[in-house]
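First up is the structure itself, then whatever we jot down about it.
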Amino acid sequence: MNQQKQAKTGQTDHYQQLYQDFYWEVPEHFNIADACCRRWAGDRQRVAILHEDSAGDCTSLSYAALQRQANQLSNLLQQRGVKAGDVVACLLPQRPETAVTLMACLQLGAIAMPLSSLFGPEALEYRLQHSEAVALIVDQSGIAAYRSVAELCTCLQSVITLDCPADNLAELDWASQMMSMPEQFTTCQTRAGDPALLIYTSGTTGAAKGALIPHAALIGNLPGFVASQNWFPQDGDVFWSPADWAWTGGLMDALLPTLYFGRTIVGYQGRFSAETAYYLLEKYQITNTFLFPTALKLMMKAEPAPRSRYRLQLRAIMSAGEAVGDAVFDWCRQALDVIPNEMFGQTEMNYIVGNSHQQWPAKAGSMGHPYPGHRVAVIDEEGKEVADGVTGEVALHRCDIHGHPDPVFFLGYWKNPEATRNKFSGDWCRSGDLATRDADGYLWYQGRADDMFKAAGYRIGPAEIENCLVRHPAVANAAVVPKPDRERGNLVKAYVVLSKGYTGDAKLVADLQAHVRGKLAPYEYPKEIEFIDALPLTTTGKLQRRVLRLQEERRAGLK
């Protein structure tokens with residue numbers, strides 16, 4: 001941005017200097033558990049996790065206690081035959097023992113596989129069998145699903161249960177087993193490129209694939225985390241996010257980077273609601289957060305003026321998973337007094353594009369710039385960069401602008417070399433997400449490649465229409481998909497979740513159609529609107545347009 005533009009916006013722009021001057025420093029040996037826990041454990045007063053459940057029960061875990069319990073669990077796992085390179089499954093929600101399990105596995109040299117407690121039996125059995133996990137740690141939230149498929153999980157050698165009675169002699173009780181374990185453990189010396197985590201993608205476009213993540217990937221995440229959280233950490237910083245710690249968003253964008261900097265993260269074990277979010281933000285004086293656009297929309301509709309009701313200390317909001325849109329952007333800026341930093345990444349290469357509004361101007365609705373250390377481009381089907389303003393696929397180069405390897409990459413898909421090869425076009429790793437780049441180098445999200453569709457010959461991106469609909473006071477959330485049509489190929493259809501106090505009738509349909517028609521291109525307004533109670537979401541909180549798209553195809557007799 002030139003000086004004249006800076007004068008008009010009142011914002012400084014340090015982007016080019018930060019981007020050009022950044023160099024990676026990746027040590028030969030690196031272990032996430034050492035970096036996120038052991039180096040802080042000497043300070044017995046330093047708090048790692050503040051935890052609260054839906055019943056209001058609260059606990060606190062210091063870094064010293066986290067390290068001690070991790071040592072005990074490492075010894076228990078080692079006693080049960082777990083060794084470096086083995087996969088250990090962690091089927092736990094946001095609770096202190098989740099962090100204990102992760103640290104124990106990583107310092108042992110094992111591969112931690114976090115699993116969501118929302119998984120049904122079939123999804124759980126697939127992951128346990130496909131990963132060949134040798135051990136499972138599970139609590140009440142996941143025990144029923146596991147026990148229903150236990151006989152099929154033939155690779156498991158040990159099952160450790162937490163806060164639930166052991167069902168048979170094959171299960172071990174966490175509390176009784178940990179009591180007898182030594183409190184000292186020596187970390188396995190791991191190389192930065194050694195595998196650390198196995199995270200199965202949400203499977204919104206097919207069977208879930210296991211992305212194998214190295215220890216070094218945490219280092220690759222840090223520039224984006226620091227920037228998107230307005231230069232985290234600062235004195236008094238406390239982090240919270242409703243993102244499940246079983247997923248990249250909760251693990252790599254919240255839990256691990258917060259612990260890496262020796263700060264406190266709040267864990268809440270319960271369902272998300274706007275009211276709960278405001279309660280936690282106020283009670284724990286949260287300064288930094290990661291909130292999905294869906295969560296921000298719910299908070300915006302539930303409490304348009306939150307600072308008049310709650311004492312908030314928020315100084316940074318990162319958002320990702322879907323396009324934030326200018327409606328949510330403007331509300332955050334005006335009602336929360338925080339400009340949200342939109343970010344883009346995925347399990348295979350996380351935290352690669354985003355904003356940091358205190359360092360470079362944030363544009364409402366833009367994904368932002370490539371973060372320092374990451375060489376990002378918008379490419380076509382042949383792997384060539386496209387011109388500004390042309391829609392293409394977001395891709396990350398194996399090396400940064402200085403020619404040095406980027407440490408953020410996954411190692412490959414577990415037992416799926418073909419899918420790993422297909423992820424790359426030469427040295428470019430494809431994201432499967434579409435975007436355009438403007439003249440200032442900002443990227444603008446256009447949706448998943450398989451979310452785009454044509455209607456009456458026009459190429460339609462659903463995100464822009466959804467954002468427009470949400471700006472209407474009657475709309476709490478919206479999803480746009482193609483409806484098969486013999487004459488036009490497809491019609492633009494919107495599924496709408498209503499705000500409280502509104503009724504979905506023909507008058508409102510006409511009102512919403514006129515609202516979109518007056519703000520976007522004539523061919524973009526939804527020809528049909530269907531009101532539903534809730535949109536289908538993945539366990540990470542991402543919108544599953546594919547579910548609605550397939551529903552329309554079935555209704556049309558195409559499936």
- Item | Listing of helices (runs of 4 or more DSSP H) fully contained in the range 415-526 that carry 1 or more residues being basic (K, R) and out of contact with any strand residue (DSSP E or B) (no Cβ under 8 Å at 6 or more places or on another chain) | 417-422, 506-517
- Query: Looking at (1) under 30 Å from R549 (Cβ atoms); (2) open to solvent by 40 Å² or more (accessible area, probe 1.4 Å), which is the only condition S241 fails?
  - Reply: (2)
- Within the range 531-554, identify whether any single residue is modelled with pLDDT of 95 or more and open to solvent by less than 20 Å² (accessible area, probe 1.4 Å), and answer yes or no. no
- Looking at (1) among the hydrophobic types (A, V, I, L, M, F, W, C); (2) buried (at least 17 other Cβ atoms within 10 Å of the Cβ); (3) at pLDDT below 90, can you tell me which one L520 breaks? (2)
- Residue list for the range 361-400, filter: of a type in the set (A, V, I, L, M, F, W, C), open to solvent by 10 Å² or more (accessible area, probe 1.4 Å) and touching a residue at least 60 places away in the same chain (Cβ under 8 Å): V376
- Item | Residues (open to solvent by less than 50 Å² (accessible area, probe 1.4 Å) and either acidic (D, E) or touching a Cys at 6+ places or on another chain (Cβ under 7 Å) (or both)) located in the range 432-467 | D433, D438, D451, E466
- Task: Starting from residues that are of a type in the set (A, V, I, L, M) and modelled with pLDDT under 95, keep the ones in the range 409-439 and report whichever is farthest from the chain's Cα centre (by Cα).
- Result: A419
- Note on the structure: Among Q334, Q358, the single one that is in contact (Cβ under 8 Å) with a residue 40 or more places away in the chain, surrounded by fewer than 22 Cβ atoms within 10 Å (Cβ to Cβ) and outside any strand (DSSP E or B) is Q358
- Task: Could you check how many residues of the range 308-359 are small (G, A, S) and more than 22 Å from the chain's Cα centre (by Cα)?
- Result: 2
- Task: Output the number of residues of the range 252-294 satisfying the condition of being open to solvent by less than 20 Å² (accessible area, probe 1.4 Å) and of a type in the set (D, E, K, R).
- Result: 1
- Query: Is it the case that G42 is modelled with pLDDT of 95 or more, in contact with a strand residue (DSSP E or B) (Cβ under 8 Å, 6 or more places away or on another chain), more than 28 Å from V408 (Cα to Cα) and of a type in the set (G, A, S)?
  - Reply: no
- Task: Would you point out the residue of the range 295-307, among those that are of a type in the set (K, R) and more than 20 Å from the chain's Cα centre (by Cα), that is least open to solvent (accessible area, probe 1.4 Å)?
- Result: K301
- Query: Which residue pairs have Cβ atoms closer than 8 Å, lie 6 or more positions apart in sequence or on different chains, and pair a first residue in the range 522-534 that is touching a residue at least 60 places away in the same chain (Cβ under 8 Å) with a second residue that is part of a loop (DSSP other than H, G, I, E, B)?
  - Reply: Y523/A456
- Query: S499 versus (1) buried (at least 20 other Cβ atoms within 10 Å of the Cβ); (2) touching a residue at least 40 places away in the same chain (Cβ under 8 Å): which is the lone unmet condition?
  - Reply: (1)
- Note on the structure: Inside the range 21-47, the number of residues satisfying the requirement of being assigned to a helix (DSSP H, G or I) and either in contact with a His (Cβ under 6 Å, 6 or more places away or on another chain) or not basic (K, R) (or both) is 7
- Query: In the range 178-194, what residues are open to solvent by 50 Å² or more (accessible area, probe 1.4 Å), touching a residue at least 40 places away in the same chain (Cβ under 8 Å) and more than 30 Å from E348 (Cβ to Cβ)?
  - Reply: P182, E183, Q184
- Query: In this structure, is F185 in a loop (DSSP other than H, G, I, E, B) and under 30 Å from R315 (Cα atoms)?
  - Reply: no
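The values are calculated or read from the model by the stated rules, or taken from the named source; none is laboratory data. Predicted model, so just to flag it, every value in this text is computed and none were measured. Positions of Cβ are generated from backbone atoms using ideal geometry, with glycine treated the same way; all protein chains shown enter the neighbour counts. Just the protein is used for accessible areas: all its heavy atoms, side chains included, with ligands, DNA and RNA removed. Shrake-Rupley method; radii C 1.70, N 1.55, O 1.52, S 1.80 Å.
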